[in-house]
Amino acid sequence: MSDYEKLGLFYLGKSYDLEQGKRGEDLILYDAKDLTTHAMIIGMTGSGKTGLGIALIEEAAIDRIPVIAIDPKGDLTNLMLTFPELRPEDFRPWINAEEAAAKGMSVEAFAERTANTWRQGLAEWGQSGERIRRLRETVDMAIYTPGSTAGLPISVLRSFAAPPSALREDSEAYRERIQATASSVLGLLGIDADPLTSREHVLIATILQHAWDREQELDIAGLIRAITDPPFRSIGVMDIESFFPAKERFALGMRLNTLLASPGFNVWLQGDPLDVGRLLYTETGKPRVAILSIAHLGDRERMFFVTMLLGDVLSWMRAQPGTSSLRAILYMDELFGYMPPLANPPSKPLLLTLLKQARAFGLGLTLATQNPVDLDYKGLSNIGTWFIGRLQTERDKLRVMEGLEGAAAGGAFDRQAMDRVLAGLGKRIFLMRNVHEDEPVVFTTRWVMSYLAGPLTRDQIRTLMASRVVSAPSAAPVAAPSAPAPGATPAEGPPVLPAETPQYWIPARPGVTSPLYLPYAIGAADVTFANAKFGVQEARRVAYLAPISDGPVAVEWSEGQELRVAIDQLQRSGVAGATYGALPEAARRPKSYDEWAKTFVRWLRTSQELRLFQYPAFKEVSRPGESERDFRIRLQQRAREQRDEQVEALRRKYATRMATLRDRLARAQATLAREKAQQQQQQLSAAASVGSTLLGALMGRRVRGGSIGSSVGRMQREAADVQRAEADVASVERQLAELEAELQSEIARIDTGFDALTAPLESIAITPRQGDVTLRFVGLAWAPYVRDAQGNLVPAW
């Protein structure tokens with residue numbers, strides 16, 4: 001293993017001596033855990049900040065840390081250009097023909113020279129194609145292009161899903177999410193709305209809150225309907241018509257509908273739904289670097305997408321358990337316009353909230369900009385690591401100094417020394433100020449593994465992603481049995497049954513007006529799964545539909561399917577004007593339902609099970625309802641936490657001895673400084689004595705040789721004292737270095753090779769015991785069906 005492939009450390013470059021103007025040999029290894037307090041990369045165009053950002057993302061990927069990278073300029077798409085073989089033909093498709101011609105070279109020759117340059121550059125920094133191969137094998141990489149099909153499209157407007165309960169319980173974060181979503185929708189329409197005074201903003205925010213409070217999901221069509229016909233009759237103390245008349249609401253709805261119907265806008269409804277959890281990990285749980293390229297979008301569309309993304313990041317974050325280890329990274333390549341000091345775009349409050357709260361959940365934000373003057377100071381004060389490159393103006397330097405002083409939180413901050421350092425920074429040379437370290441460090445960035453071809457065009461992105469077909473994860477299907485033959489000619493109303501026969505109607509989808517209702521047996525029960533060994537006590541409410549036949553066994557529950565409609569949503573009557581299929585004779589007898597209830601309970605006891613996964617090495621068991629994918633993701637995070645805990649324990653173990661040696665070193669250095677001062681004083685005294693003696697001799701006074709000899713003797717003693725003090729300092733420094741090496745050796749022995757994707761899992765099945773099934777009801781259910789274009793009956797719920 002190379003020196004830089006160390007536990008949870010990001011290899012960013014090597015030290016740099018500004019006075020001598022040359023690179024040192026000390027590796028700059030950034031502790032991944034420090035990124036939970038966020039980072040800022042600042043530098044003018046040409047400073048090398050994009051290269052530093054790409055290097056940081058590469059290191060995170062190798063450490064199996066997923067990244068969402070917002071790419072407003074198109075530079076981060078270069079992360080896809082990694083070539084383990086480093087062959088000229090790998091570089092050939094990405095060579096700029098004009099650049100090759102300007103150098104008087106053919107594209108093939110320029111590709112060969114570029115391949116050699118990359119091979120030599122990597123080797124100079126202790127890297128090779130093998131490390132590139134490891135990068136590609138460790139993570140999945142994908143380019144997403146919202147509003148375009150060049151890369152993988154993202155459906156942003158398909159739905160406005162309700163945030164998780166954890167976020168809704170935080171009133172401030174919940175309000176910010178509602179306001180940001182409303183502002184982004186209006187911004188897409190070109191309406192710059194004030195959240196406090198705009199009727200449009202208040203109306204949409206109220207619609208969103210009304211739906212989300214009830215855990216309901218809105219799609220864009222539902223939002224338009226709610227604008228024209230709100231599901232509430234008043235806002236504040238005023239009735240809806242006084243606050244926002246129907247005619248004006250209709251005009252607002254029409255504007256949104258016109259935008260939705262405009263040519264090309266349908267691409268916003270295509271592709272994967274915006275889901276941060278699925279951007280960070282693949283279906284199998286492999287970490288992903290998701291590059292969200294928005295260079296092709298206009299300003300309004302960019303703000304809309306970034307705001308919606310940040311809102312979803314906030315929702316995802318609040319659903320995660322707390323951790324002190326780095327879980328994921330949100331990288332933004334140019335922050336200008338999204339967190340300004342005075343204006344309040346919808347993205348700003350979400351960014352400020354993330355900067356304040358994300359640390360507790362292990363989410364690290366890394367923000368890059370060339371315009372530090374245009375950033376909100378409150379946000380800058382929450383950033384723990386500053387990477388500062390060459391700056392363009394004096395105003396930029398002053399703003400950076402303010403931010404650094406604020407991040408120091410009252411600690412020592414030498415403005416003059418910092419000013420000198422900032423003035424001396426050049427290309428690819430950065431100052432790193434990390435609040436977790438004692439001193440700032442100047443370093444030069446390493447050679448990146450990704451080929452820096454410059455911003456990729458949409459055609460180039462399309463070429464890169466041509467082989468990738470990432471379909472939206474299908475939602476859990478509505479359990480819908482195949483439609484039985486409706487029997488005789490459907491009746492225009494339900495059959496007349498005894499009053500004690502329990503009947504339920506499954507609600508039809510909105511817009512279904514004349515369904516055909518077909519009969520099923522429905523059973524609902526509460527099933528408890530309990531296991532003390534694994535700490536499981538899980539209660540589930542289940543409902544099943546089973547077909548009813550005229551055979552000797554009228555209802556066979558094993559042939560049924562689970563009904564994914566909450567039983568409290570079942571209705572007591574159907575849609576007016578509906579028709580009904582024939583009802584088997586057994587379903588007309590009330591006693592049949594008593595018998596079906598008994599068989600339903602028996603069937604549940606034998607068919608229901610709670611399946612869990614276990615990884616004994618970590619003593620971890622999946623939670624009820626947790627998929628294998630999510631369990632493996634949690635195992636990888638647990639491995640990272642254990643790794644950090646073990647490192648921290650080792651550092652605590654050595655802390656006392658380190659502190660003792662550092663104290664001894666400080667005392668030895670103080671003694672050395674004192675001895676050197678005394679030696680210098682003695683040298684001055686001796687020189688003065690010799691001078692006085694010589695002057696006296698010239699003037700005829702008698703010279704006493706003893707005084708000169710005495711001065712020389714004192715000088716020799718002082719020199720000996722200095723030598724002893726220097727030896728003491730060197731001895732303590734050697735002991736300190738040996739102890740540090742011993743610590744690093746122990747850290748290096750910690751196993752860091754855990755890969756959750758290949759970890760062997762054990763399967764555990766927990767079944768209900770006698771008495772763990774509580775029957776809610778068994779009855780007759782009427783399920784709505786409609787005919788599709790081919791004339792087939794399909795479920796309408």
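The values are calculated or read from the model by the stated rules, or taken from the named source; none is laboratory data. Keep in mind that what you see is a predicted model, and the values were worked out from it rather than measured. Every residue, glycine as well, gets a Cβ built from its backbone with ideal geometry; the counts of neighbours run over all protein chains shown. Protein only, heavy atoms only, side chains kept; ligands, DNA and RNA dropped before computing areas. Shrake-Rupley method; radii C 1.70, N 1.55, O 1.52, S 1.80 Å.
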5 angstrom amide H check on Tyr517, placed H, neighbours 5+ away:
Thr579, Tyr580, Gly581, Tyr785
Where in region 13-30 does the label zone of Ala741 land, with the point 7 angstrom along Cα→C-beta and an amide N cut-off under 18 Å?
25-27
Hey, got the Cα dimensions of region 593-639 along the principal axes, in Å, largest first?
52, 17, 10
Beyond a 24 Å Cα-Cα separation, which of these cross-linked pairs lie in this structure: Lys73/Lys427; Lys14/Lys676; Lys33/Lys73; Lys49/Lys73; Lys397/Lys427; Lys22/Lys49?
Lys14/Lys676; Lys33/Lys73
With a point put 7 Å past each Cα toward its Cβ, work out how far Leu18 is from Glu5 in nm, to one decimal.
3.5 nm
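So, for region 293-444, what is the accessible surface per residue at a probe of 1.4 Å, expressed in square angstrom?
Details: 5780 Å² over 152 residues.
Heavy-atom SASA per residue in region 293-444 reads 38 Å².
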Could you work out the local net charge near Ser622, counting Lys and Arg as +1, Asp and Glu as -1, over the other residues with Cβ closer than 10 Å to its Cβ?
0
Can you give the calculated 222 nm mean residue ellipticity of the chain, where each DSSP H run of n ≥ 4 adds -39,500 (n - 2.57) and the sum is split over every residue, rounded to the nearest 500 deg cm²/dmol?
-13000 deg cm²/dmol
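Beta carbons within 10 angstrom, averaged per residue: use that to sort the peptides 81-93, 443-455, 765-777, 46-58, highest first.
Values: 81-93: 17.1, 443-455: 21.1, 765-777: 13.8, 46-58: 23.0.
In descending order of packing, they fall as 46-58, 443-455, 81-93, 765-777.
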Would you calculate the separation in nanometres between label points at Asp219 and Arg233, each defined as 7 Å from the Cα along the Cα-to-beta-carbon direction?
3.0 nm
From phi via Karplus (6.51, -1.76, 1.60), per-residue ³J(HN,Hα) for region 33-40 in Hz, x at Gly/Pro
4, 5, 6, 5, 9, 6, 9, 10
Cβ-placed point charges (K, R +1; D, E -1), dipole of the chain about Cα centre in debye, nearest 20:
1460 debye
Using a 1.4 Å probe on the protein chains only, how many percent of the accessible area of the chain belongs to carbon and sulfur?
49 percent
For Gly151, which sequence-distant residues (separation of 5 or more, or a different chain) have an amide H within less than 5 Å of its own amide H, given hydrogens modelled in the peptide plane?
Thr145
To the nearest 0.05, the calculated FRET efficiency linking Gln683 and Asp414 through their beta-carbon distance, R0 being 41 Å, is 0.80
Relative to a virtual label point 7 Å from the Cα of Ser558 in the Cα→beta-carbon direction, which members of region 599-641 show backbone nitrogen distances below 18 Å?
599-609
Hey, what does the equivalent ellipsoid look like for region 543-646, semi-axes from the Cα gyration tensor as sqrt of 5 times each eigenvalue, largest first, whole Å?
45, 18, 10
At a Förster radius of 35 Å, what calculated FRET efficiency corresponds to the Cβ-Cβ distance of Arg602 and Ser165, to the nearest 0.05?
0.50
Could you put Arg214, Arg420, Arg288 in order of accessible surface area, largest first, with the 1.4 Å probe and the full protein assembly present?
Arg420, Arg214, Arg288
Take the alpha-carbon positions of the chain, form their convex hull, and give its projected area averaged over all directions (one quarter of the hull surface) in nm².
49.6 nm²
Under 29 Å between alpha carbons, and skipping anything fewer than 8 positions from Lys533 in its own chain: which lysines qualify?
Lys619
Average projected area [Cα convex hull, region 354-402], square nanometres
3.5 nm²
Under the 7 Å Cα-to-Cβ spin-label approximation, Arg724 and Ala617 lie apart by a distance in nanometres of 5.6 nm
Enumerate the calculated ³J(HN,Hα) couplings along region 755-766 in order (Karplus 6.51 cos²θ - 1.76 cosθ + 1.60, θ = phi - 60°), each rounded to whole Hz, writing x wherever the residue is Gly or Pro.
10, 5, 5, 10, 5, x, 10, 9, 9, 10, 10, 10
Asp140 long-range amide H proximity, modeled H, under 5 Å
Arg288, Val289
Among Ala423, Gly151, Gln370, flag the residue with its Cα farthest along the positive direction of the charge dipole of the chain, charges on Cβ as +1 for Lys/Arg and -1 for Asp/Glu.
Ala423
Within 10 Å, count the other beta carbons around each residue, average over each peptide in 528-534, 583-589, and list them highest first.
583-589, 528-534
Counting only the backbone N, which residues of region 79-96 are under 20 Å from the spot 7 Å out from the Cα of Gln120 toward its beta-carbon?
83-92, 95-96
FRET efficiency for Arg664 and Asp192, using Cβ-Cβ distance with R0 set to 45 Å, rounded to 0.05:
0.10
Hey, what did the chain get for relative contact order, percent, Cα under 8 Å, at least 6 apart?
17 percent
Output ordering of 568-579, 513-524 (per-residue mean of other Cβ within 10 Å, highest first) is 513-524, 568-579
